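First the structure, in the form of structure tokens, and then the observations on it.
The values are calculated or read from the model by the stated rules, or taken from the named source; none is laboratory data. Source: prediction; values computed, not measured. Neighbour counts run over all protein chains shown; Cβ positions are idealised from the backbone, glycine included.
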Amino acid sequence: MGGTEFIFGSTYVLIMFGGVLLAGAGGVASWLQKRRARLALMSDTEGGQCIACSSAETVELHPDAWRCPSCGYEQGAGWQRRRDERRLEKLMQLSPEEASKRAQAALLDARLMLTGAVATFDRPIIASRNPNHRNNDWEVNPDLLTAVGDARTAHKGLQEAGMLDTDVAKALEKAGFSFSEPFPDTDPLFDGTWRSTIESCARKTKVDVESWRVAAVSAARSLGLDA
């Protein structure tokens with residue numbers, strides 16, 4: 001069997017992957033705004049006031065996808081779904097050889113990102129560097145935002161690699177990676193006001209991230225991609 005039968009022969013995996021694509025205290029306030037702005041395009045923000053320029057009206061161009069006529073900002077979950085649909089269509093057009101190369105590259109990239117991200121979850125809280133904080137003894141580790149973003153990208157990359165190449169999918173599954181498992185809820189890391197809540201969420205997230213890292217390392221080794 002060819003290594004790309006997940007694109008050309010496995011309807012189940014394609015539907016599953018498409019579903020995954022289409023289905024996101026002291027010291028946190030200043031950079032929470034940056035995080036929320038980053039996630040705005042993937043949010044469930046409805047039409048109405050533009051969240052970028054506060055213009056009174058936005059125009060719905062697609063289901064759950066609005067554009068502001070004043071500044072051009074696009075908001076709503078529909079935009080991300082459209083991007084994912086188009087990406088999936090492009091992946092479907094790859095040749096077997098291209099799909100296999102893309103899958104292996106995605107696996108190695110995910111392994112690297114997960115290796116870099118996992119340690120950050122051991123230190124979600126750091127000593128506060130801002131003496132003006134009301135609770136100035138601690139703050140959320142600013143590196144946590146990057147770690148979550150890298151982990152999310154890597155998780156999606158592993159799913160994509162499995163869709164593109166049967167051998168990669170089998171190696172990941174054998175190593176314990178679940179293609180149906182969603183990315184964990186990491187909102188408490190940034191929206192929680194209690195240190196214990198943030199630390200608890202970080203511990204739980206690390207378990208998932210570490211399991212994905214181990215699976216990626218094992219799969220790459222079994223496929224001979226370490227050379």
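Cys71 falls short on exactly one of the conditions (1) surrounded by 14 or more Cβ atoms within 10 Å (Cβ to Cβ); (2) in contact with a Cys (Cβ under 6 Å, 6 or more places away or on another chain); (3) modelled with pLDDT of 80 or more, and that condition is (1). Can you find, within region 78-132, the residue that is surrounded by the fewest Cβ atoms within 10 Å (Cβ to Cβ) among those that are in contact with a Gly (Cβ under 9 Å, 6 or more places away or on another chain) and within 30 Å of Thr58 (Cα to Cα)? Step by step, filter region 78-132, then rank; the result is Glu85.
Taken over region 58-68, the residue count meeting the criterion of being among the hydroxyl-bearing types (Ser, Thr, Tyr) and loosely packed, with under 14 Cβ neighbours inside 10 Å is 0. Among residues of region 180-227 being modelled with pLDDT of 95 or more, more than 26 Å from Gln104 (Cβ to Cβ) and within 15 Å of the chain's Cα centre (by Cα), the one that is surrounded by the fewest Cβ atoms within 10 Å (Cβ to Cβ) is Lys206. Exactly one residue out of Ser180, Ser196 is over 15 Å from Asn141 (Cβ atoms), assigned to a loop (DSSP other than H, G, I, E, B) and polar (S, T, N, Q), and it is Ser180. Identify the single condition in (1) modelled with pLDDT of 90 or more; (2) more than 27 Å from Ala220 (Cβ to Cβ); (3) of a type in the set (A, V, I, L, M, F, W, C) that Ala161 does not satisfy, given that it satisfies every other one. Every listed condition holds for Ala161 apart from (2).
Scanning region 147-160 for any residue that is under 16 Å from the mean Cα position of the chain (by Cα), surrounded by 22 or more Cβ atoms within 10 Å (Cβ to Cβ), not in a helix (DSSP H, G or I) and not acidic (Asp, Glu) turns up nothing. Hey, does region 103-121 have a residue that's in contact with a strand residue (DSSP E or B) (Cβ under 8 Å, 6 or more places away or on another chain) and hydroxyl-bearing (Ser, Thr, Tyr)? Looking for residues that are in contact with a strand residue (DSSP E or B) (Cβ under 8 Å, 6 or more places away or on another chain) and hydroxyl-bearing (Ser, Thr, Tyr), one finds none in region 103-121, hence no.
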